[in-house]
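Worksheet: one structure, shown below.
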Protein chains: 2
Amino acid sequence: MANYSEAPSSETRDAIIAYFVNAAQAFGIPKSIGEIYGLFFATDAPLALDDVIEQLQISKGSASQGIRFLRSINALNPTYIPGDRRDHFKAETSLRRIADGLIKERIKPQLASGAEQLKAIQNQTRKTELGEYQDQLATIRTWSKKADLVLPFVSKFLGDKSKPTVI
Amino acid sequence: MANYSEAPSSETRDAIIAYFVNAAQAFGIPKSIGEIYGLFFATDAPLALDDVIEQLQISKGSASQGIRFLRSINALNPTYIPGDRRDHFKAETSLRRIADGLIKERIKPQLASGAEQLKAIQNQTRKTELGEYQDQLATIRTWSKKADLVLPFVSKFLGDKSKPTVI
DNA sequence: CAGGGAGTTCAAGAAAAAATGAACACGGCC
DNA sequence: GGCCGTGTTCATTTTTTCTTGAACTCCCTG
């Protein structure tokens with residue numbers, strides 16, 4: 001286990017950080033970002049860039065980019081601290097809000113680019129290989145639609161209010 | 001666009017392959033695996049290892065491992081060809097079956113390892129920092145449960161039979 | 001408006017992941 | 001048994017991705 005020097009270190013805190021490092025990597029998200037979120041998650045008080053650098057012993061660049069990313073998916077919320085010029089944040093703990101952020105910032109754009117790519121193929125293909133790949137293209141279209149439809153559903157499912165769910 | 005030499009190459013076919021390369025990378029799956037699935041998907045006839053190597057111009061090792069992976073998630077189905085000793089496959093085109101394969105082979109194990117890690121933290125923590133991180137641990141437990149619950153719904157949602165869905 | 005704290009950027013180096021290909025099974029078939 | 005076709009393994013190389021840190025931009029403050 002990493003030995004994050006300085007500051008209120010603890011076995012449990014570091015284990016929580018390790019937990020998020022794993023989770024992040026399962027999502028294809030860099031280790032450093034998992035560490036950063038884990039640190040915020042494990043810490044009650046709002047933290048600033050400096051705290052992250054100090055407690056995780058990572059570079060300013062990594063910390064800055066990591067915080068930016070986490071903010072972009074709403075995994076960190078700005079917290080104003082009077083008399084301190086630095087930006088402070090606290091971890092967002094609503095799974096749904098984070099999932100929504102991820103969906104909006106990463107998954108949706110990916111789906112959109114896929115859809116574009118598909119449209120380009122279709123335009124290009126109609127002119128040349130008529131009928132040749134129609135089945136395959138139809139299958140992909142079906143998939144795209146389903147992917148689009150499932151997202152709001154996942155979001156709702158992860159929502160805080162546990163409502164009865166019927167499919 | 002790659003110029004996959006040999007065999008029935010075509011603009012559209014290669015565009016479909018490119019589509020799957022992108023999709024794969026969005027999932028953190030290696031490019032070569034996206035290519036392989038794309039090739040199978042775009043090809044009606046069953047293909048064997050050799051065909052993959054020849055048409056995609058990739059190494060035997062990559063092709064072998066890629067096919068193994070795709071089989072493990074049920075993205076390729078074995079197809080028997082009389083009089084040919086080589087193993088042939090066709091692409092699975094049911095999104096649900098592939099998703100189920102991915103869930104069972106990759107996501108579930110990941111969740112399980114997370115759950116183990118969490119349990120270890122809890123055991124370790126009870127003895128030492130009583131109450132210190134109880135809120136955080138409770139939050140993680142909630143998340144884990146939701147993640148477990150959402151998977152079967154996603155699977156059902158991607159199912160072929162379009163049934164009315166109510167949340 | 002000079003100085004300095006806070007945060008960003010990005011080229012270069014370090015680390016991790018994927019691809020390669022040669023060596024190694026395994027199993028028919030002659 | 002020896003050979004050949006098929007597929008797997010895994011150490012090495014290549015490619016990609018992540019991290020670092022120094023230079024830079026913005027503002028705020030005196």
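The values are calculated or read from the model by the stated rules, or taken from the named source; none is laboratory data. Since the structure is predicted, the reported quantities are computational estimates derived from the model, not experimental observations. All Cβ positions, glycine included, derive from the backbone under ideal geometry; neighbour counts span all protein chains shown. SASA here: full protein model, heavy atoms, side chains in, ligands and nucleic acids out. Shrake-Rupley method; radii C 1.70, N 1.55, O 1.52, S 1.80 Å.
So, residue A:106, is that one free of Cβ contacts under 8 Å to residues at least 60 places away in the same chain, assigned by TED's automatic domain parsing to the domain that holds residue A:71 and of a type outside the set (A, V, I, L, M, F, W, C) or not?
Numbers: free of Cβ contacts under 8 Å to residues at least 60 places away in the same chain: yes; assigned by TED's automatic domain parsing to the domain that holds residue A:71: no; of a type outside the set (A, V, I, L, M, F, W, C): yes.
When the stated conditions are applied, residue A:106 does not pass them.
Residues in the stretch A:102-119 that are within 11 Å of chain B (Cβ to nearest Cβ) and in contact with a helix residue (DSSP H, G or I) (Cβ under 8 Å, 6 or more places away or on another chain): A:107, A:110, A:111, A:113, A:114, A:115, A:117, A:118. Residues of the stretch A:40-62 that are surrounded by fewer than 20 Cβ atoms within 10 Å (Cβ to Cβ), within 12 Å of DNA strand D (Cβ to nearest atom) and either within 14 Å of chain B (Cβ to nearest Cβ) or assigned to a helix (DSSP H, G or I) (or both): A:49, A:53, A:60, A:61, A:62. Only one entry of A:136, A:117, A:122, A:110 meets the criterion of being over 14 Å from residue B:10 (Cβ atoms) and open to solvent by less than 30 Å² (accessible area, probe 1.4 Å), and that entry is A:122. Of all residues in the stretch A:130-146, none are within 26 Å of residue A:27 (Cβ to Cβ) and touching a Lys or Arg at 6+ places or on another chain (Cβ under 6 Å).
Scan the stretch A:28-39 for residues that are of a type outside the set (Gly, Ala, Ser) and within 8 Å of DNA strand D (Cβ to nearest atom) and the total you get is 5.
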